[in-house]
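The values are calculated or read from the model by the stated rules, or taken from the named source; none is laboratory data. As the structure is a prediction and not an experimental result, all values here were calculated from the model. Neighbour counts are summed over all protein chains in view; Cβ atoms, including those assigned to glycine, are modelled from backbone coordinates with ideal geometry.
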Amino acid sequence: MEQPFYIRPIEEKDISGLATLHSACFTKDWGQKELRNLLDHGVIGFVATDDNATICGFVLARIVLDEAEIISIGVLPEKRKHGLAENMMRHLLAHEACVDVRALFIEVEAFNDAGKRLYEKLGFQRTGSRKGYYEIAGQRIDAITMTLTL
Ligand SMILES: CC(C)(COP(=O)(O)OP(=O)(O)OC[C@H]1O[C@@H](n2cnc3c(N)ncnc32)[C@H](O)[C@@H]1OP(=O)(O)O)[C@@H](O)C(=O)NCCC(=O)NCCS
């Protein structure tokens, strides 16, 4: 049986666990200071927790009027492929903060098949690319820009 998980808004007490989770998901760490700074400046976010209240996933988004941008999304490696990211995205889209949103944007590394497939499943379409947008382990990596029109 699938383990249950719960999605709720990020709280101050989550910042430390969130920084740890972020570093398990991305090569470029965001420390607690950076995460707090985002949340203090209009970024909203949700975490997915398991039965033990362990944070297993997060999504961060910036909403400005009728547009929104996914700043980051990640799931603990051992909790992936159980629908957490998809559910967090659907939770975000259904949230009252998104009621006026008509377009949602995301940038994803060109090689990131899991990310691209996730967004495609949610209805995002590829709308462009940015050459050498990311620097990962000393290499320039293209970004794919994807858009969901609501
Ligand atoms: C991308 C990521 C957030 C997906 O999280 P997840 O909880 O495993 O995703 P879900 O289980 O909700 O998957 C939803 C859909 O995404 C796609 N998907 C997810 N992981 C995939 C993988 N490894 N390969 C191919 N498709 C994948 C599938 O379409 C899947 O639907 P399906 O299960 O019906 O096939 C996760 O792999 C992750 O944290 N990666 C590292 C951080 C990252 O790359 N974030 C995105 C940067 S833009």
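Structure above, values below:
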{"read-out": "Hits in segment 36-53 (condition: touching a residue at least 24 places away in the same chain (Cβ under 8 Å) and assigned to a loop (DSSP other than H, G, I, E, B))", "value": "ASP50, ASP51"}
{"read-out": "Identity of the residue in segment 54-82, β-branched (Val, Ile, Thr) and either within 7 Å of the ligand (Cβ to nearest atom) or assigned to a strand (DSSP E or B) (or both), that ends up nearest to the chain's Cα centre (by Cα)", "value": "ILE73"}
{"read-out": "Where a residue in segment 8-28 is within 15 Å of the ligand (Cβ to nearest atom) and its partner, wherever it lies, is in a helix (DSSP H, G or I), with Cβ under 7 Å and at least six apart", "value": "LEU18/LEU35; ALA19/GLN32; ALA19/LEU35; ALA24/PRO77"}
{"read-out": "Residue match in segment 101-113 (condition: within 16 Å of the ligand (Cβ to nearest atom), in a helix (DSSP H, G or I), over 13 Å from the mean Cα position of the chain (by Cα) and modelled with pLDDT of 95 or more)", "value": "yes"}
{"read-out": "Residue within segment 23-32 that is of a type in the set (A, V, I, L, M), at pLDDT below 95 and either buried (at least 16 other Cβ atoms within 10 Å of the Cβ) or farther than 22 Å from TYR133 by Cβ (or both) present", "value": "yes"}
{"read-out": "Test: ALA85 is assigned by TED's automatic domain parsing to the domain that holds ALA19, at pLDDT 95 or above and not in a strand (DSSP E or B)", "value": "yes"}
